[in-house]
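**Student:** Mind looking over this structure? Questions follow.
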Amino acid sequence: MKDNLGREINYLRVSVTQRCNLNCVYCGCENPDRDEMTADEIEKAVRAFAKLGINKVRLTGGEPLVRNDITEIACRLRKTDGIKKLVLTTNGVRLFELAQELKAAGVDAINVSLDSLDRENYKKMTGRDALPDVLRGIDRAIECGIKKIRINSVLIRGFNDMQADNLIYYAKDRNVDVRFIELMPFSDAGNNEKLIVKADEILKRFPFLTPVEGTMAQSVAKYYEAEGFKGKIGFITPVSDKFCSQCNRIRLLSTGKIRPCLGYDTTYDIREYLNDEEKLLSVIEKAISSKPAGHNFECAYGNVHAMNKIGG
């Protein structure tokens, strides 16, 4: 289905929970809403989205792996008619124990949010000494044969910007892409433009990174490679070089509300219509049609949201 600007919307991000087992400085997990959609409700919603052209689903949170039924949810969605790709974003704390189940459930790719490879710095960033568990989880996911594994890292000046080196070299010996995402204004930490570490700054420090041909216009991430590296390095720049004209996604929050754009508070509640397909499809169509032309992160500082509450 196309929105009112002609963009083909085929990618749904489903937040299955606001809960998290970390407390990252730019996200936070205080006072999560525990009135989460059930596995049945999520399946019904995704089935309706698929009828309107959604073919890729990403499970997010909060932290999706805190749900005891996450592999059941993954299995159901992967079997939904029209869904061709199922991916998941996690902080990796429980990945070691669940990687094999996620693979069996049909998860095609996993993004791991990891902002530091220094144990003390990681603890400072997340509020928990869990880095060894995360690294074991990534290795386990590789062993299980998950097709694609990416590291998503948010660098914050004065917090973990010195970790860019370690993270980049992590991709040298592993078939894992490392992507740097600009800090967005969704927390007290993100409520200061001076804390953003931009792609150009990192590229100047690592001149051996060269653009990957043919990828710059195909993804929200701009990818670079280096001789002798197994993985690639990517940059996602929602603040300094936004890519809204290419946006193909829409969000379903854990409370049953559609959020057409991460940068706006507008939502559409579909939970009451899950047993009325005609009305359900109508509300989804309205939400997709109303998707704004773009966000205003570049001038949004001071308008703070908790990332765990808006679907990551």
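The values are calculated or read from the model by the stated rules, or taken from the named source; none is laboratory data. This is a predicted model, so every value here is computed, not measured. Here the Cβ is made from the backbone with ideal geometry for all residues, glycine too, and neighbour counts use every protein chain on show. Quick note on the areas: whole protein, heavy atoms, side chains included, nothing else; ligands and nucleic acids left out. Shrake-Rupley method; radii C 1.70, N 1.55, O 1.52, S 1.80 Å.
**Student:** Go through (1) open to solvent by 50 Å² or more (accessible area, probe 1.4 Å); (2) in contact with a strand residue (DSSP E or B) (Cβ under 9 Å, 6 or more places away or on another chain); (3) over 30 Å from Leu203 (Cβ atoms) and name the single condition Tyr273 misses.
**Tutor:** (2)
**Student:** While we're looking at this one, here's another question. Restricting attention to segment 67-104, which residues are under 13 Å from Ala141 (Cα atoms), of a type in the set (Gly, Ala, Ser), open to solvent by less than 40 Å² (accessible area, probe 1.4 Å) and assigned to a helix (DSSP H, G or I)?
**Tutor:** Matches in segment 67-104: Ala99 only.
**Student:** Anything in segment 1-41 that is more than 18 Å from Leu52 (Cβ to Cβ), basic (Lys, Arg) and out of contact with any Pro (no Cβ under 6 Å at 6 or more places or on another chain)? List them, or say none. Please lay out each step first, then the result.
**Tutor:** Residues of segment 1-41 more than 18 Å from Leu52 (Cβ to Cβ): 15-40.
Still in the list and also basic (Lys, Arg): 19, 34.
Result: Arg34, single match.
**Student:** What's the total number of residues in segment 276-298 that are out of contact with any helix residue (DSSP H, G or I) (no Cβ under 7 Å at 6 or more places or on another chain) and buried (at least 17 other Cβ atoms within 10 Å of the Cβ)? Spell out how you get there, then give the answer.
**Tutor:** Just the residues of segment 276-298 that are out of contact with any helix residue (DSSP H, G or I) (no Cβ under 7 Å at 6 or more places or on another chain), to begin with: 276, 278, 282, 285-292, 296-298.
From what's left, buried (at least 17 other Cβ atoms within 10 Å of the Cβ): 287-288, 291, 297.
The qualifying residues number 4.
**Student:** Residues being open to solvent by less than 50 Å² (accessible area, probe 1.4 Å) and without any contact (Cβ under 8 Å) to a residue 60 or more places away in the chain: count how many of those fall in segment 16-41.
**Tutor:** The total comes to 1.
**Student:** When the residues of segment 42-60 are filtered to those that are of a type in the set (Lys, Arg) and in a helix (DSSP H, G or I), which remaining residue is most open to solvent (accessible area, probe 1.4 Å)?
**Tutor:** Lys51
**Student:** Out of all the residues in segment 62-110, which are touching a Ser or Thr at 6+ places or on another chain (Cβ under 9 Å) and at positive phi?
**Tutor:** Result: Gly62, Gly92.
**Student:** With assigned to a loop (DSSP other than H, G, I, E, B) and not hydroxyl-bearing (Ser, Thr, Tyr) as the only criterion, which of Pro132, Pro185 stands out?
**Tutor:** From the options Pro132, Pro185, the qualifying one is Pro185.
**Student:** Next up: Within segment 25-42, count every residue that is modelled with pLDDT under 90 and of a type in the set (A, V, I, L, M, F, W, C).
**Tutor:** 3
**Student:** Under 6 Å by Cβ, and 6 or more places apart or on different chains, what pairs join a residue from segment 155-166 that is farther than 17 Å from Cys24 by Cβ with one that is open to solvent by 10 Å² or more (accessible area, probe 1.4 Å)?
**Tutor:** Listed pairs, sorted by first residue: Asn166/Leu117.
**Student:** May I pose another question? Go through segment 220-237 and report how many residues are of a type outside the set (A, V, I, L, M), open to solvent by 10 Å² or more (accessible area, probe 1.4 Å) and not in a strand (DSSP E or B).
**Tutor:** The qualifying residues number 6.
**Student:** Among what's in segment 244-254 and is in a loop (DSSP other than H, G, I, E, B) and open to solvent by 20 Å² or more (accessible area, probe 1.4 Å), pick the residue that is farthest from Thr38 (Cα to Cα).
**Tutor:** Applying the filter and picking the extreme gives Cys247.
**Student:** Of the residues in segment 105-129, how many are of a type in the set (Gly, Ala, Ser), outside any loop (DSSP other than H, G, I, E, B) and touching a helix residue (DSSP H, G or I) at 6+ places or on another chain (Cβ under 7 Å)? Please lay out each step first, then the result.
**Tutor:** Just the residues of segment 105-129 that are of a type in the set (Gly, Ala, Ser), to begin with: 105-106, 109, 113, 116, 127.
When the remaining residues are screened for being outside any loop (DSSP other than H, G, I, E, B), the result is 105, 109, 113.
If we keep only those that are touching a helix residue (DSSP H, G or I) at 6+ places or on another chain (Cβ under 7 Å) too, we end up with 105.
Count: 1.
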